[in-house]
1. Suppose we keep just the DSSP beta bridges with both residues in the stretch 130-215; what percent of those would be antiparallel, to 5?
2. Please say if the stretch 8-47 is rounded, prolate or oblate, where rounded means a/c under 1.5 for a ≥ b ≥ c the square roots of the C-alpha gyration tensor eigenvalues, and otherwise the choice is prolate for a/b larger than b/c and oblate otherwise?
3. Whole-Hz Karplus ³J(HN,Hα) for the stretch 137-149, in order, using 6.51 cos²θ - 1.76 cosθ + 1.60 and θ = phi - 60°, x for Gly and Pro?
4. Quick one: Debye curve from the alpha-carbon atoms of the chain only, equal weights, vacuum; give me log10 I(q)/I(0) at q = 0.08, 0.14, 0.17 Å⁻¹ to two decimals.
5. How large is the convex hull of the C-alpha atoms of the stretch 120-239 per residue, in Å³?
6. So with the 1.4 Å probe, I'd like the accessible area per residue for the chain, rounded to whole Å².
7. Which ³J(HN,Hα) values, rounded to whole Hz and listed in residue order, are derived for the stretch 106-121 from phi using the Karplus coefficients 6.51, -1.76 and 1.60 in 6.51 cos²θ - 1.76 cosθ + 1.60 with θ = phi - 60°, glycine and proline given as x?
8. The stretch 130-239: which trypsin sites (Lys or Arg not before Pro) are DSSP loop and have at most 10 other beta-carbon atoms within 10 angstrom?
Amino acid sequence: MKRLGVNIDHIATVRNARGENHPDPYYAALQVIKMGADSVTIHLREDRRHINDLDAKKICKTKKVLVNLEISMNDKIVKNALKIKPNYICIVPENRKEVTTEGGLNLIKNKKRLKSIIEKFKKKKIRTSLFINPTIKDIKLSKELNVDCVEIHTGKISNLVKLKKKYSGELDRIRRCSILAKKFDIEVHAGHGLDYITTKILSKIKEIEEFNIGHFIIGESIFIGLSKVIKKFKSIIKG
């Protein structure tokens, strides 16, 4: 059964726009699970532009929510995450100036550092994922790093679909990477830029077990409501 993870970062973005307490990401986390999401994703960025430390602690503390905590390789963030003890960790690249995550991790450049970080989370029995580009090289490196999962960056295919350009080449890359990861016993996730159409396309790849979607869900919920958007995505990924 394919799973849906809902990223609630932009609930915090809306809250922070007024510097007040509403809408509350903790309440949002509880609600999206009630509405059918399988897990909640939050990104504890170094600059705390949306989710803050208190949000992360409160959300990870509740047993009612399975939490996928996205973090960079920053030492302080890693130590913080080890204390918070989320259900899942996804290590992502982070650039202070970026509007959103721009691509997958540079596994070659950061191999030694990533190996050390992954070992720390595995000792705590926390499922650990790497956010990677859809390349065979990155799948092989992920295997060497003994990671539990990979989340394939779907930004490129999402943009191609939205622009109504040919996406078959990128889809084939994602498919081949997913098949190889599965052969290596690495769980495959997909995320970034996903909407209804791209999710439907990617849901045909049987090896992808989890979709993590945020911006589109929060944006679309303004028009039709959070519950309806979650139900629609659940229906799409079930096929």
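The values are calculated or read from the model by the stated rules, or taken from the named source; none is laboratory data. None of these values were measured; they are calculated from a predicted model. All Cβ positions, glycine included, derive from the backbone under ideal geometry; neighbour counts span all protein chains shown. Calculation scope for accessible area: heavy atoms of the full protein, side chains included, ligands and nucleic acids excluded. Shrake-Rupley method; radii C 1.70, N 1.55, O 1.52, S 1.80 Å.
1. Approximately 0 percent, going by the DSSP bridge assignments.
2. Oblate, because a/c is 1.5 or more while a/b does not exceed b/c.
3. Running phi through 6.51 cos²θ - 1.76 cosθ + 1.60 with θ = phi - 60° gives 4, 5, 5, 5, 5, 5, 4, 4, 7, 6, 7, 6, 9 Hz.
4. Relative scattering, expressed as log10 I(q)/I(0), comes to -0.27, -0.88, -1.34.
5. 110
6. Solvent-accessible surface per residue comes out at 51 Å².
7. These are the phi-based 3J(HN,Hα) values: 8, 5, 5, 5, 10, 4, 5, 5, 5, 4, 5, 5, 4, 4, 4, 6 Hz.
8. Of the trypsin sites (Lys or Arg not before Pro), the ones in loops of the stretch 130-239 whose Cβ has at most 10 other Cβ atoms within 10 Å are Lys164, Lys165, Lys166, Lys204.
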